Amino acid sequence: MEPTNASLYGKGVFTTIAIVDGSPFLWENHWRRLSVNAETIGIDLTNYSKSVVADALAVSINEDQITNGRARITFSDERPSATWPRESSDSTKLSIITGGIRAIPNNFKLDVSPYPVNSLSPLAGVKSCNYLENLMAMDDAKTSGCHEAVRVNERGEVTSAAMANVFWLKDDVLYTPSLATGCLAGTTREFILENLDSREVEAGIEELNSADAIYLTSAGLGIVAVAEFEKRKLPNPPHQITELLTFN
């Protein structure tokens, strides 16, 4: 392993994009976020234009024969670390991997994570390769018999799940945490906000405790209705959000 900013510190950005009928879904949105996130943490994308990456993604999809599935696009900082210098001509590396549709359990159970999100962190809202906190939150949920966990910020406001955005329904009104909470600006989240009447709010966990329905959204999940939150079975009345996207 070379001592680079990526290998030593996880300095990189990524996105997971749904592949639908052989094409990347919401490609423009994903590219826009990748570009903004890369600039935020100082990753040079000079050699990687949108068209270059789109072409490379199309080649991967074709070679791996992915009709409906997922792809992960990663930009990693391959420059040497200042504390572990070495000779290198590399700057930024592009990596693309693909896979099939993610299996979603029928009785999706959601917990609350003990690990808060720091909304004041310079990485708040950045989908960086330093994803250990998210993985630990997910592992903790699985240990408690759940499939995902909601994370709150330092003010006790709902932000997101470990690896998905959160929406909830209360009295026929759809809500989701605002970006001010430190949540990730997910592309599926953005798609829902563009297509459905939704309110972006700063709300405590008590709002989920009294919700009629809770939904997790991501490129890997699509839109999933949670069956149980904190062991409470949710009523899950019919709502058009569940018909907006179907990846699985």
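The values are calculated or read from the model by the stated rules, or taken from the named source; none is laboratory data. For clarity, every value in this text was computed on a predicted model and none was experimentally measured. All Cβ positions, glycine included, derive from the backbone under ideal geometry; neighbour counts span all protein chains shown. To get the accessible areas, we keep the full protein, side chains included, count just its heavy atoms, and leave off ligands, DNA and RNA. Shrake-Rupley method; radii C 1.70, N 1.55, O 1.52, S 1.80 Å.
Things worth noting here:
- A residue that is modelled with pLDDT of 95 or more, over 26 Å from V59 (Cβ atoms) and open to solvent by less than 50 Å² (accessible area, probe 1.4 Å) occurs somewhere in the stretch 92-108.
- Scanning the stretch 58-81 for residues that are touching a residue at least 40 places away in the same chain (Cβ under 8 Å) and closer than 18 Å to A219 by Cβ yields I61, I66, T67, N68, G69, R70, A71, R72, I73, T74, F75.
- Contacts under 7 angstrom Cβ, first residue in the stretch 203-215 being under 19 Å from E243 (Cβ atoms) and of a type in the set (S, T, Y), partner part of a helix (DSSP H, G or I) and open to solvent by less than 10 Å² (accessible area, probe 1.4 Å), 6 or more apart: Y215/I241
- Within the option set G156, G145, being open to solvent by 20 Å² or more (accessible area, probe 1.4 Å), over 13 Å from the mean Cα position of the chain (by Cα) and touching a residue at least 40 places away in the same chain (Cβ under 8 Å) holds for one residue only, G156.
- Residue satisfying all of: in the stretch 226-245; under 30 Å from W27 (Cα atoms) and out of contact with any Leu (no Cβ under 8 Å at 6 or more places or on another chain); surrounded by the most Cβ atoms within 10 Å (Cβ to Cβ) among these: L245
- Qualifying positions in the stretch 1-43 - over 15 Å from the mean Cα position of the chain (by Cα) and among the small types (G, A, S): A6, S7, G10, G22, S23, S35, A38, G42
- Identity of the residue in the stretch 109-135, aliphatic (A, V, I, L, M) and under 15 Å from the mean Cα position of the chain (by Cα), that ends up most open to solvent (accessible area, probe 1.4 Å): L132
- The residues of the stretch 190-217 that are hydroxyl-bearing (S, T, Y) and either at positive phi or surrounded by fewer than 22 Cβ atoms within 10 Å (Cβ to Cβ) (or both), listed by number, are S198, S210.
- Considering the stretch 163-189, and only residues there that are polar (S, T, N, Q) and surrounded by 19 or more Cβ atoms within 10 Å (Cβ to Cβ), the residue that is farthest from L221 (Cα to Cα) turns out to be T181.
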